[in-house]
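What follows is a set of notes on a single structure, which appears directly below.
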Amino acid sequence: MTGKGATVVERVRAGDIRAAARLMRNLDDGIPGARAVLRELFARPGHALVVGLTGPPGAGKSSLTDRLIAYHRKAGRTVGVVAVDPTSPFTGGAILGDRVRMQDHALDPGVFIRSLATRGHLGGLSRATSDVVTVLDSMGKDVILVETVGVGQDEVEIVELAHTVVVVSIPGMGDEVQAIKAGVLEIADVFAVNKADREGADRTVKDLQMMLDLRRTTATRGGLDHDSVHRMTRTGSEDPHEAGWWEPPIVKTVATRDEGMVELAEAVERHRLHLDRTGERKLREVARARATFLTILRDRLMQGALNRLAEEVGHLDELAARIAARSADPYELADELARRL
Amino acid sequence: MSQKNERTLRILVAKPGLDGHDRGAKIVARALRDAGFEVIYTGLHQTPEMIAAAAVQEDVDGVGLSIMSGAHLTLFPAVVDALKERGASDVTVFGGGIIPQDDIPKLKESGVSQVFLPGATTQSIVDWIRGNVKPRAEVA
């Protein structure tokens, strides 16, 4: 451990749990000083591979995370975990219960688990998730597992954060029509069909397979794939016959019985090799940087705009009341404010 | 959406020891959530070391313990000590359960800040936390 005179940056890079945990808290709470620390950490990143796990509530994301921690620890890798749970929209409170499934690792110094509440952020993560991942990376973690909140169809923010996205589904969630829907299913680099000991697991695998077949078929028709045009980080080849094409494997798992976990971990590892071989890892990091930058920019501009609004135009609540009563026009007000900025 | 740099209190709710009755802990966790706190719930059968490790990683402001087994005189002080060992003696420890009145002074002497007995309302727990658990300093 580093001595008392060490800076927060030095302590975090030395793996100091207390310093890192407090920095995460400060980032989550938006303490201005924490930003400066993050800037320094950002300048010299670690080497962590970031793996995201997403899927509907109750699919077993925490249990899969727990088993993946065990797998990586056995291989001698240190692991960071960020687990996101929802904040109550009414009280602002949250119950963060993902640790319950990860108790086997509570005393392992090679594992750092952090629970985050969404705090009103949509998209499956929280505003500070990316920052917390940066801190874990700076601590020198080899692998960082990011577990999103239970998601539906459109919370796809994890693609902007993770090198590899595992989409977890379970038998009986929906028919093949669900499988061709856009959104969460599209972002998978690896599919885990968890609770595969339940009835309907093979059907779920088949449905996912059919969706992937459709994607392959449409992709060969010369760039008309609607998905590929809109995908943010699918930067590899769009041609299934080229080496850059990645066909997401589908792995059946029963996390609570530790079944299929080696296969799942190996599928993630194959994807990592694919990222390195094709150079897509770099491209994904550019995509993450882009998302990070836009988020910071949006926050800064919004804060500036709201300050300006309060100083020069009027109180937000009063304006909202006027807009609701149709005595003010939201488009005109926004234009006016934008001109002042 | 004005940005207030107001800290959200983070409280770890844990059940040390071997008893399997977590209904009380769950009710308290729910009440604290409804009071606007972030509650880290760690489940049953926690050792004091596990609780302290989680408290440090999660950077909580307070730890609430629930014990029904009668082992409070051992387990409560053990959690206080485990936190101290990890450099987290600034975390407020409180608890509740089936605890004889006579044991309360001993628990407080060992570093437990408050003890709630059966019949304590969840509101009284929330009020006590609001008054006595302070959000953390910026530097650990």
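The values are calculated or read from the model by the stated rules, or taken from the named source; none is laboratory data. All of these numbers come straight from a predicted model, not from anything done at the bench. Cβ sites come from the backbone with ideal geometry, for glycine too, and all protein chains shown count toward neighbours. Just so you know, the surface numbers come from the protein's heavy atoms only, side chains and all, with ligands and any DNA or RNA stripped out. Shrake-Rupley method; radii C 1.70, N 1.55, O 1.52, S 1.80 Å.
Got a sec? Which of A:Asp131, A:Asp104 is open to solvent by 20 Å² or more (accessible area, probe 1.4 Å), under 15 Å from B:Asp59 (Cβ atoms) and modelled with pLDDT of 90 or more?
On the way: A:Asp104 fails: under 15 Å from B:Asp59 (Cβ atoms).
Among A:Asp131, A:Asp104, only A:Asp131 is open to solvent by 20 Å² or more (accessible area, probe 1.4 Å), under 15 Å from B:Asp59 (Cβ atoms) and modelled with pLDDT of 90 or more.
How about the range B:55-77: which of its residues are more than 14 Å from chain A (Cβ to nearest Cβ) and not polar (S, T, N, Q)?
Keep residues of the range B:55-77 that are more than 14 Å from chain A (Cβ to nearest Cβ), which gives B:65-77.
B:Leu65, B:Ile67, B:Met68, B:Gly70, B:Ala71, B:His72, B:Leu73, B:Leu75, B:Phe76, B:Pro77, listed by residue number.
So is B:Val13 touching a residue at least 12 places away in the same chain (Cβ under 8 Å), open to solvent by less than 10 Å² (accessible area, probe 1.4 Å), assigned to a loop (DSSP other than H, G, I, E, B) and more than 7 Å from chain A (Cβ to nearest Cβ) or not? No. Could you grab me the full set of residues in the range A:317-326 that are open to solvent by 80 Å² or more (accessible area, probe 1.4 Å) and on the phi < 0 side of the Ramachandran plot? Hits for the range A:317-326 are A:Asp317, A:Glu318, A:Arg322. Scanning the range B:16-28 for residues that are free of Cβ contacts under 8 Å to residues at least 40 places away in the same chain and under 17 Å from B:Met50 (Cβ atoms) gives a single hit, B:Gly20.
So, of the residues in the range A:271-302 that are among the small types (Gly, Ala, Ser) and within 20 Å of the chain's Cα centre (by Cα), which turns out to be most open to solvent (accessible area, probe 1.4 Å)?
Taking the range A:271-302 and keeping what is among the small types (Gly, Ala, Ser), we get A:279, A:287, A:289, A:291.
Add one more test, that the residue is within 20 Å of the chain's Cα centre (by Cα), and what stays is A:287, A:289, A:291.
Working: A:Ala287: 17, A:Ala289: 50, A:Ala291: 16 Å².
Among those residues, the one meeting the criterion is A:Ala289.
Checking the condition open to solvent by 40 Å² or more (accessible area, probe 1.4 Å) and either within 13 Å of chain A (Cβ to nearest Cβ) or more than 17 Å from A:Leu96 (Cβ to Cβ) (or both), which residue from B:Asp102, B:Asp22 passes? Give the derivation first.
Values: B:Asp22 fails: open to solvent by 40 Å² or more (accessible area, probe 1.4 Å).
It is B:Asp102.
Scoring B:Gly36 on the criteria (1) over 30 Å from A:Leu319 (Cα atoms); (2) touching a residue at least 12 places away in the same chain (Cβ under 8 Å); (3) more than 15 Å from the chain's Cα centre (by Cα) leaves a single failure, condition (1). Which residues, counting only those in the range B:33-54, are at the interface with another protein chain (Cβ under 9 Å from one of its Cβ atoms), within 19 Å of B:Val112 (Cα to Cα) and in a helix (DSSP H, G or I)? B:Glu49, B:Met50, B:Ile51, B:Ala53, B:Ala54 - these are the residues of the range B:33-54 that are at the interface with another protein chain (Cβ under 9 Å from one of its Cβ atoms), within 19 Å of B:Val112 (Cα to Cα) and in a helix (DSSP H, G or I). Looking at the range A:303-316, which of its residues are outside any helix (DSSP H, G or I) and open to solvent by less than 70 Å² (accessible area, probe 1.4 Å)? Within the range A:303-316, just A:Gly314 meets the criteria. Every condition in (1) at the interface with chain B (Cβ under 10 Å from one of its Cβ atoms); (2) open to solvent by less than 10 Å² (accessible area, probe 1.4 Å); (3) within 18 Å of A:Ser63 (Cα to Cα); (4) not charged (D, E, K, R) holds for A:Ala117 except the one numbered (3).
One residue is enough: does the range B:81-95 have a residue meeting the conditions open to solvent by 50 Å² or more (accessible area, probe 1.4 Å) and either at positive phi or away from chain A (no Cβ under 13 Å) (or both)? Full working, then the answer.
From the range B:81-95, those open to solvent by 50 Å² or more (accessible area, probe 1.4 Å) are B:81, B:84-86, B:89-90; that's our starting set.
Okay, now just the ones that are also either at positive phi or away from chain A (no Cβ under 13 Å) (or both), so B:81.
The answer is yes, given that some residue of the range B:81-95 is open to solvent by 50 Å² or more (accessible area, probe 1.4 Å) and either at positive phi or away from chain A (no Cβ under 13 Å) (or both).
Scanning the range B:105-129 for residues that are under 15 Å from B:Ala78 (Cα atoms), part of a helix (DSSP H, G or I) and open to solvent by less than 30 Å² (accessible area, probe 1.4 Å) turns up just one, B:Leu107. Here A:Val50, A:Val84, A:Val37 are screened, and the one residue that is over 20 Å from the mean Cα position of the chain (by Cα) and buried (at least 20 other Cβ atoms within 10 Å of the Cβ) is A:Val37.
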